[in-house]
1. Give me the percent of Cα-Cα pairs in region 218-258 that sit more than 13 Å apart, rounded to a whole number.
2. When the helices in the chain are scored as -39500 (n - 2.57) per DSSP H run of 4 or longer and the sum is shared across all residues, what 222 nm value do you end up with, to the nearest 500 deg cm²/dmol?
3. Once region 98-181 is represented by equal point scatterers at the alpha-carbon sites, with solvent omitted, what log10 I(q)/I(0) does the Debye formula produce at q = 0.11, 0.17, 0.18 Å⁻¹?
4. What length, rounded to one decimal in nm, is gained on full extension from Ile201 through to Ala396, with 0.36 nm per residue of separation minus their alpha-carbon distance?
5. Which of rounded, prolate or oblate describes region 3-186 when judged by the alpha-carbon gyration tensor and an a/c cut-off of 1.5?
6. So how much slack lies between Gln93 and Glu166, counting 0.36 nm per residue of separation and subtracting their Cα-Cα distance, in nm?
7. Would you compute the Debye intensity of region 228-296 from its alpha-carbon atoms alone, equal scatterers and no solvent, and pass along log10 I(q)/I(0) at q = 0.14, 0.15 Å⁻¹ to two decimals?
8. Based solely on C-alpha atoms, express the radius of gyration and the Dmax of the chain in angstrom.
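The values are calculated or read from the model by the stated rules, or taken from the named source; none is laboratory data. A quick note: this is a predicted structure, and the numbers were derived from the prediction, not measured. FYI the Cβ positions are ideal-geometry reconstructions off the backbone, even for glycines, and counts take in every protein chain you see. Surface accessibility is based on the protein's heavy atoms, side chains included, excluding ligands, DNA and RNA. Shrake-Rupley method; radii C 1.70, N 1.55, O 1.52, S 1.80 Å.
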Amino acid sequence: MNPCRTVRPRLFNFSNSYSELPERFYARLRPTSVAKPGLIKVNRKLAEELCLDPDMLESNAGVAVLAGNSIPDGAVPLAMAYAGHQFGGWVPQLGDGRAILLGEVIDQNGVRRDVQLKGSGPTPFSRMGDGRAWLGPVMREYLVSEAMHALGIPSTRSLAAVATGEPVQRERVYPGAVLTRVAKGHIRVGTFQYFLARNDIEALRLLADYTIARLHPDAFNSENPILGLLERVVDGQARLVAAWMGAGFIHGVMNTDNVSLACETIDFGPCAFMDNFHPHKVFSSIDHAGRYAFSNQPSVCHWNLAQFATTLLPILGLGKEDAIKVATDAVNQFEDRFTEAWLTVFRRKLGLAVNKNNESLISGFLKLLAESEADFTVAFRRLTELTATGGKGDDAFVAYLGGNHAARDWLSAWRQRLGQDRRPASFRQRVMNSYNPALIPRNHLIEQAIDEAVAGNFQLFHDLDRAWTAPYSDHPQSDRFTLPPTQEEVVCRTFCGT
Ligand code: AMP
Ligand code: MG
C-alpha cells in the first residue's frame, strides 16, 4: 500500500503550521523570480519519501516552483525570524536572509517536514546581503547533506538544486542557484534567543509548545514539559556531535542560529570532513581563533545548549533560583550524554562488543592517527579489513600508521581485546563495515565538481552524489573517490555560503 495518504495531481500538499503562529515570528513574502530557471537535480528518492511526484517536480511547472518563480497552491511563503551568537558575539536579529519557507508537508511516515528555498531573494532579514546563493554553496550543501544522511547522521536534506540563469556577485561573478532544503524543522536555538532578547515571554511559551508538539512530543509526558524539551535537545545534540566526531566532520560554524532543535545537522557553509586526522583542525576561512575546531565541537555545543537553557528560564514555571538550578543541571548532563554517545560511536568503529574499558583503545588509536597524519576514513576502513585476516596485513597497517612501536603495540592490544570479545570475525567485520564508511564527501572532490559545474559540466556532481549516498559499500581502495587528496588537491579552507 502507498503510505502516502492520498495521491493527488498536485505538486505539493502543503499543511502549514508555522504560519499559524503570530506574525512577529516571521515575515510573509514571496521568493523573488529569477531570469531563467534550469533544473540541476531533483532528489527523486527524497521526493517519494515526502509523498511528492518526482516527475512533476522535474517538469517546467515544478522547476518554476523550485526556482521561486511560481508559488504552488497551499504554500504560505515566509522568512523566519531568529537571532544568535555568531562566534560568541551576540546578534539580536538574523533571520532567514536568503531563505523562504514555502510550507510543510507530511511525509510517508507521517512526519511533518519543512520545504524551504535557499537563495530565493532578499527578505526583511537580509541586512546587507543579496538573498542569493551561487552554484558552489548550493552544490556543496546538496552533496554534503545527502552524504550525511546516507552516513546515518541526522541532517537537513536536499530535495532539489536549480540554476537561476542570473549572475551572483561574490569575490567574482558566479552563476546563481537555489537549493530546496527539507528539515524536520527550522527552529534554532537562535529562534528562542530572538524572543528572549525582546523579553517576549508569551512568544517563548508559544514557541516552546510548538517545538515540543512538533519535534519532541514525548516531552509533554514530563512533569515539566519545558524541562523535558531541554533534556531532549541536550541528548539529541550530544548524540549528533558524537556522530560528527565519529565521521571526522567539522561543522565550521556552530553558532547558536545553526543549532537545530530538531537536532539535525544544519548549515553546510564552511564545513568539511577531515582527510588526514588532527584534533585541532579548522577549515573555516573566518574561524581565525579556532573556536569551532574539530576537538572543540563538544564544548561549543555545551555552550550553545547553555544559551538555549537561558531562553527557557522565564517559562519553566519556577522561581528564578530553582529555574537556574534545574536548567543548569539539565545542561550539565551534556558531558555524560556526549561521552556515552562518543564511546558507543567509536566502540562500533573499532569493532568492540561492549562499552567497557574502551577509552584507552579509542584514544590510543586517535593519537596514532594524529601523529602519523593518517587519513581518518582510510585508517578506520583498513582496520575493518584487518578483522578477518588473522594477522595478515598487520605489517602494512603498522607502516601506514608510522611504522613505530606504538602502532604495533596498539594493534596487538586491539587484537587481544577482540579475542576476549569472542565474536565471530565475519560478524565483527560486518558491524565495522557499517560504521566505517569507505566514502566521505571529500572537499577536494566537491571543489572539482564545483569548478566543472561552473564551466557547465555537472557529470562529477551527479557521480559524487550517487557514490556518496552508498558510503558503506565496498569501493576499490585505488578508486578516485576513496583516495585522500594529493598534495596539490588538498583543500585547506572552506568558505561561508554567502
Ligand atoms: P549563515 O552564515 O548561513 O548561518 O547565515 C547567517 C545569517 O546571514 C543568516 O541570517 C542568513 O540568512 C544571512 N545571510 C547569509 N548569506 C546571505 C545573503 N547572501 N543574503 C542575505 N542574507 C544572508
Ligand atoms: Mg545559518
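1. Values: 511 of 820 pairs.
Value for region 218-258: 62 percent of Cα pairs lie more than 13 Å apart.
2. Details: 17 runs with 207 residues, N = 498.
Calculated mean residue ellipticity at 222 nm is -13000 deg cm²/dmol.
3. The Debye formula, applied to the Cα set alone, gives -0.33, -0.74, -0.81.
4. Separation in residues times 0.36 nm, less the Cα-Cα distance, equals 64.0 nm.
5. Rounded, since a/c falls under 1.5.
6. Numbers: separation 73, 0.36 × 73 = 26.28 nm, distance 2.84 nm.
Residue separation times 0.36 nm, minus the Cα-Cα distance, leaves 23.4 nm.
7. Reported log10 I(q)/I(0), two decimals: -0.41, -0.47.
8. Taking only Cα atoms of the chain, I get Rg and Dmax of 23.1, 67 Å.
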